[in-house]
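In what follows, a single structure is set out as structure tokens and then discussed.
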Amino acid sequence: MIQPQSQNSITYTRVIHLSHAIDIDIPQWSGDPTVEFETVAELNNDGYYLRRFSLGEHSATHINAPNSFHSSAVGIDQYPAQSLVVPAVVINVCQATAVNPDYALTVADVLAWEAEYGEISAGCVVILNTGWQKKWLDKSAFLNHDAQGIPHFPGFGSDATQFLLDERQIAGVGIDTHGVDPGQDNSFTINRLVLEQPRIVLENLTNLDQLPPKGTTLAIAPLRLRGGSGSPVGVLAFVP
């Protein structure tokens, strides 16, 4: 076990990867570039091993930037470093999503969580544990398209998101599905709401079942792509 440590006021006993490993066969949003790896140097011939890789800015576990939905907004390279180390709370809706794959977080869900754990503090990232991470290795189940090609997976409801932004002043949202918007919402309502300011949107998270409801601190490390609409991201959870 990692020994308890304290750095920059973060005290923890465990560090957990919240990012999936990137591979060529991960679930991909329709129209996204394929994930590609190409070996460009080999130990036997070149004395070292090196690959080139290619993937979309919104592939794998990733963070969305405001300019992906708002034309005059900032890109991913403009997030201040201190804004990417944030406290997190986790709301578990696995029971509801097991019955309804289109489930959307409600204000009542938020208030029920707060009744048990206390009011959500300003500056938190609110993470939704839907249980969808367990479907990651089955692309068909993860995206869950119907006969018309419409995906069905859970997400944040617009009323709950507006409540969290206005009444709780959250720093952002995260989820273990391919989008913070429920799969049926092709207008990206939740992304647009959250990214009106340079807040945080994390998608395709994993290992959320290992996090407590409160007390976790996230360290979020995107690639600083100049003008990027988002980036694949390494997310570490420091768990008390």
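What to note about this one:
- Segment Gln162-Ala147, length gained on full extension (0.36 nm per residue, minus Cα span): 2.2 nm
- Fraction of beta bridges assigned by DSSP in region 169-240 that are antiparallel (%, nearest 5): 65
- When all protein chains stay in place and ligands, DNA and RNA are ignored, the 1.4 Å accessible-area order of Phe238, Phe37, Phe53, largest first, is Phe53, Phe37, Phe238.
- Sequence-distant contacts, meaning Cα pairs under 8 Å at least 6 residues apart, place the relative contact order of the chain at 31 percent.
- Percentage relative contact order, region 1-107, counting C-alpha pairs under 8 Å, at least six apart: 14
- Percent breakdown of C-alpha pair distances by 5 Å bin, ordered from the shortest bin, for region 83-198: 2, 12, 22, 25, 18, 12, 6, 2, 0
- The residues of the chain present an accessible area of 50 Å² per residue when probed at 1.4 Å with all protein chains retained.
- Using a probe radius of 1.4 angstrom, the carbon and sulfur fraction of the accessible surface of the chain is 50%.
- Positive-end residue, region 135-189 charge dipole about Cα centroid, Cβ charges, pick of Gly172, His152, Ser187: His152
- Ligands, DNA and RNA aside, Asp102 has an accessible area near 50 Å² when probed at 1.4 Å.
- In the context of the full protein assembly, Lys139 retains an accessible surface of approximately 100 Å², using a probe radius of 1.4 Å and ignoring ligands and nucleic acids.
- Fraction of beta bridges assigned by DSSP in the chain that are antiparallel (%, nearest 5): 70
- Taking the Cα centre of the chain as reference, the dipole from Cβ charges on Lys and Arg (+1) and Asp and Glu (-1) amounts to some 520 debye.
- HN-Hα J in Hz across region 100-115 - Karplus 6.51, -1.76, 1.60, θ = phi - 60°, x for Gly and Pro: 10, x, 9, 4, 10, 4, 10, 4, 4, 4, 5, 5, 5, 4, 5, 4
- Rg and Dmax, both from the Cα atoms of region 165-240 and both in Å, are 13.2, 37.
- Cα-based radius of gyration for region 36-103, normalised by 2.2 N^0.38 Å, reads 1.80.
- Estimated from the Cβ-Cβ distance and a Förster radius of 35 angstrom, the FRET efficiency linking Asp102 and Val74 is about 0.65.
- Using C-alpha pairs under 8 Å with a sequence gap of at least 6, the mean separation divided by the residue count of region 78-190 gives a relative contact order of 32 percent.
- Histogrammed with a bin width of 10 Å, the alpha carbon distances of the chain distribute as 7, 32, 36, 18, 5, 1, 0 percent, first bin at zero.
- Helix-only mean residue ellipticity at 222 nm for the chain, each DSSP H run of n ≥ 4 adding -39500 (n - 2.57), per residue, nearest 500: -4500 deg cm²/dmol
- In this structure Tyr49 has an accessible area near 140 Å², from a 1.4 Å probe over the protein heavy atoms.
- In straight-distance terms, cross-link reach from Lys214 covers every one of the aspartates and glutamates whose alpha-carbon lies under 16 Å from its own, apart from those fewer than eight places away in the same chain; here that gives Asp109, Glu114, Glu116, Glu119.
The values are calculated or read from the model by the stated rules, or taken from the named source; none is laboratory data. Keep in mind it's a predicted model, so treat the numbers as computed, not measured. FYI the Cβ positions are ideal-geometry reconstructions off the backbone, even for glycines, and counts take in every protein chain you see. Please note that ligands, DNA and RNA were not included when accessible areas were found on the heavy atoms of the full protein model with its side chains. Shrake-Rupley method; radii C 1.70, N 1.55, O 1.52, S 1.80 Å.
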